[in-house]
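Before any comments, here is the structure.
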Amino acid sequence: MNRKALVLAGIFLAIALTSPVFFYVEEISHFQSDLENLGPNLADDTQTSEYFHAVAQRHTTILAILVVIELVSVVLFAISLWFALKP
């Protein structure tokens with residue numbers, strides 16, 4: 001049993017499990033600070049629709065980044081676990 005590969009597998013598993021929570025917390029705090037700063041300026045329908053369009057684009061970008069991070073960390077987890085359990 002390769003202990004270094006097993007430790008790496010644990011690290012990659014931790015990254016895969018904590019990254020969605022981290023991105024969720026960061027996005028909620030960013031969304032809340034946006035609403036606090038831009039709240040009085042969102043009186044017009046055009047400004048409101050532009051703001052929600054920007055939020056939707058930001059969510060799409062963050063989702064794409066999160067999918068890439070999850071894919072890479074899960075693949076690296078599987079590879080390092082395979083090396084760790086290889087006799």
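Please treat every number below as a calculation from the coordinates, not as lab data. Owing to the predicted nature of the structure, the values given are computational and were not obtained by experimental measurement. Ideal geometry is used to build each Cβ from the backbone, glycine not excepted, and the neighbour counts take in all protein chains shown.
A few remarks follow.
- The gain in end-to-end length when the A54 to E26 segment is fully stretched comes to 8.5 nm, 0.36 nm per residue minus the alpha carbon separation.
- Estimated distance in nm for a label pair at I65 and K4, the labels positioned 7 Å out from Cα along Cα-to-Cβ: 3.2 nm
- Each principal axis of the Cα atoms in the chain has its own extent, and those three values, largest first, are 66, 18, 10 angstrom.
- 0 to 90° range, to nearest 10: angle between helix 45-85 axis and the chain longest Cα axis: 0 degrees
- Mean ellipticity per residue at 222 nm, deg cm²/dmol - from DSSP H runs of n ≥ 4 across the chain, formula -39500 (n - 2.57): -32500 deg cm²/dmol
- C-alpha long axis of helix 3-38 to longest principal axis of the chain, angle in °: 0 degrees
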